[in-house]
Structure formats: C-alpha cells, structure tokens
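Before any comments, here is the structure.
The values are calculated or read from the model by the stated rules, or taken from the named source; none is laboratory data. Quick caveat, the model's predicted, so the values are computed rather than measured. Every residue, glycine as well, gets a Cβ built from its backbone with ideal geometry; the counts of neighbours run over all protein chains shown.
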Amino acid sequence: MVLSPATNKLRVFQLVFSDPGRSFYSSGDKLSGSVQLEVAQPCRLTGLRVSAAGCAHVVHRGGKNRKSSSQEVEYLKYEEELRLEEELTKDSDGCFLLQSDKTYSFQFGFELPAAGRLVSSYKGKFGYVRYYARAVLDRPSQHALQCEREFEVEEPLDVNRPDLLNETLLSTEGAAPLLADRHVSTVALKGQTKQDFFTAPAAASKQKKVTCMFIPDGQVSISAQIDRKGFCEGEDININAKFENTCSRIVVPKAAIIAKHSYIADGRTKEVRQKLTAVRGNHIISGMCDMWQGKTIRVPKLRPSLLGCDIIKVDYALMIYLHIPGSEKLVLELPLVIGTIPFSGVGSRTSSMSSQAGSMSSWSSFPSAPPSYSNIHRDLRLDGPRTPLLQDYDGGEDQDEEDGGLFMRVPELYYPPPPAYSEVDQDSVNPPQAVQVF
C-alpha cells in the first residue's frame, strides 16, 4: 500500500513476500518477507507488528422469515513484534524515529503448521477459506495503520493413497461379478470391510420401475464401474457400464462430472451442484441394452477436493444416468476425489488392467475369428441395421428436460470389399471367343 504525504507523512507502507512469484504454500512451508516503510517527513512510531491468520467463513443470508446465520473456523494464527532497535533510534519518550527520504525494510518470517492442520484456500458462493499476512504500524496518540496481503494455501492430495485406489475392489479374490445382482443398489465385495467399502466405492448398480398414468411400463437399470476413485485434472476416467431398457420409451445414457459445494452454518446446510463436463451414448430402444467398455470422460481444469474443513466441503462425483422422456432420470453417482499428485500406476496398473479385462469378459463374449471372405453374401444391404438410428431428441448434451421431435437417419449401406490381388480374374482364364457374324 502506497500512502500520500498527507497520511501522517507516510509515502510507502506495504508487505512484500520473499518469493512474489510463488502461487501457493503448503503445510510446513516457511513464509517470509519484509515490511517496507518510507516517509516524506520525519515521524514517530511506537511499534510494528506482523500477524498471519487463516479461517473458513460461511454466511447464510436470511429471507423475510429467516434470520441470517454465519459460522467461522480458525486454522492459522500467528503474531510477531518486529525488532526496530537495529535500524531506528529512540527519542526521550521511547518512540522510534523514521527519517525522511529513506526506505526502511524490516524482515519477518514464520512456518506454516504441520500437515493436517490447514485446509486449502477456497472461495465460493456462500463461504471462503482465506489466508493473509497483516502489518500493523502503531503511532503515538493516533490510530494504528495497517496493510495486508493474501496468500494461497494448497494442501497436497496424493491420488495414489490406498483408500483412493480401487485396486482392492478390482483384484479381491472371489469378488462378485459387477452385473450379477441387479436388485442391489451397490455391489459389495468379499474380503472388504464396510468402512473400506464406503470410503472408496467404485462400482454400483441401480434400477427404476417406469410407470405411465400409474400403469407399470417396464423398468430401466444401470450397472457401472471405474478402476479407481482418485484423479487429477487432464486424466481420463474409463467407464465400464451396462444399461438395460425394458420400458416402452427410448432412453439415452449419459455421464457427467459434477461438483458439490456444501456450506454449513448453525446446523443448516446449503448445497450448490454444478455440472462440469459430460459425455453421452447411443439411444436405447425398448427391449434393448447398451454397454460402455472403457468410455472415457476427461477431468477438466478444476480445484482439488476440499478435505478437512468442518463447515465447507467440496466433493466431486461421476454421475451416470439415463434420460427417460416423461419421467425422472435414473441417476447413479460414483464419488471422485480430485487430487494434486497424479496417478503413478506403479505396482497397481497391471493388476487393475487384468482385473478390468476379466470383468469385460464376464459381460460379453466375442467371436474367435472373423468369417472368411468366401462366406460373405453378395448382397449385404439386407445385413445393415434393421432399427433406424435416432438423432438427439433432448436438445443437446445439457438440456435433458427439453424434448424435441424424433428424426430418423437412413441406415448406411454395406457392400463387400473388392477382391484381393491373389484372386484370378475369370476373364483371363477363359478369354471371350470371337463369333463370326454372317
């Protein structure tokens, strides 16, 4: 902060960090800097203090019949009285004298608390987590002057932690098949405690009965699996899922990454949900099913999950759902943790891939070899898709509630490939005979 000479003769009063280009700090890091002072005319001061603070703050604004409420949790508190005797002299009253046209720099530094005591910086709709350093200049017979500077805190979050990896889910011997039981909402595995299962879920299934005017109209179901729970920005999430449709309507499978911001104050909780990115699959007509085998959705650029805060929570989830015209969606959510240290894959990638391949083979079987060219019928136009493919009828990726018309697309025609060079032309073996015309 730069002050005019009219403000008690001060020209410069500011906080400067030793590493101004540093974007964030973490637990255990040392934050150092200096307080810079410059005056236009000689002046007196009684002391100079530097403090640092960090807290989480939530505010719920009240309405006509509800009072506002707020809550605050403190995570950092530090205060230091800077020693001025080395650079300044005292007068008869014990005050320090600042000379004009001279820049003073007073150093300070402190260490942030150990891991587990801080939470990452955050700013949202109903609350924030804020850290700042403040300098207070005490003057005789006058109010104190102060300046402050914020700094970011980002706690490292390693997605290779055992509770975030789903290797146990995938490689546990005797695990139940993913699609074996459609009547349970979540797939439980043997050899896994209840606590471990709920801290790192990565597979689930769900179903819903569809009705039309209170008349049963079949049901739809989803079974989905991902290989782990922790991801970083830029990584791809591989989704293995199966969708079944036995109702009379055409449904559309979709998946999206969502963020859930929860703000807690005086026992009340407000939640804000936000869709970040989404993918979709093909339409599923009545009596059919569809499968996703490694369908990917990329994690966009976003802040890591906010863990350890008592009044603000930032959670992420992979939402896999079926859009059903005229009915509520069937939604299945798999929790995600967005970290800062990316997945290394050492020691767990092989088992995960092999177990994933095993789950793939349990879903469907593939022919051992393609048919020979001689077995292909000449007229393959009848072997094309019998069911017309449908364009998007819900108005786009993020407009599930807007139903539009159905538009059919002409199926593509498939013809046999040209003969290989090894085949012999029949005309070259039996050349045409010349016929004499009379």
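Among the residues of region 39-62, those that are in a strand (DSSP E or B) and in contact with a Pro (Cβ under 9 Å, 6 or more places away or on another chain) comprise 39, 44, 45. Being over 19 Å from residue 262 (Cα atoms) and surrounded by fewer than 18 Cβ atoms within 10 Å (Cβ to Cβ) is the filter here; which residues of region 52-66 pass it? Scanning region 52-66 gives 53, 63, 64, 65, 66. Take residue 128 and tell me if it is within 25 Å of residue 261 (Cβ to Cβ), assigned to a strand (DSSP E or B) and at pLDDT 85 or above. When the stated conditions are applied, residue 128 passes them. Out of region 10-38, which residues are within 32 Å of the chain's Cα centre (by Cα) and not in a loop (DSSP other than H, G, I, E, B)? Result: 17, 25, 30, 31.
Please specify each residue of region 64-100 satisfying the condition of being under 30 Å from residue 126 (Cα atoms) and not in a strand (DSSP E or B).
Correct list: 64, 65, 66, 67, 68.
Quick check on residue 156: is it in a loop (DSSP other than H, G, I, E, B), surrounded by fewer than 17 Cβ atoms within 10 Å (Cβ to Cβ) and outside the structural domain of residue 19 (by TED's automatic domain parsing)? Yes; evaluated as a whole, the condition is true for this residue.
The listed residues are 153, 159, and the only one of them that is more than 27 Å from residue 69 (Cα to Cα) and touching a residue at least 40 places away in the same chain (Cβ under 8 Å) turns out to be 159.
Residues that are in a loop (DSSP other than H, G, I, E, B) and either under 15 Å from residue 318 (Cα atoms) or of a type in the set (Lys, Arg) (or both): does region 243-252 have at least one? Looking through region 243-252, at least one residue is in a loop (DSSP other than H, G, I, E, B) and either under 15 Å from residue 318 (Cα atoms) or of a type in the set (Lys, Arg) (or both).
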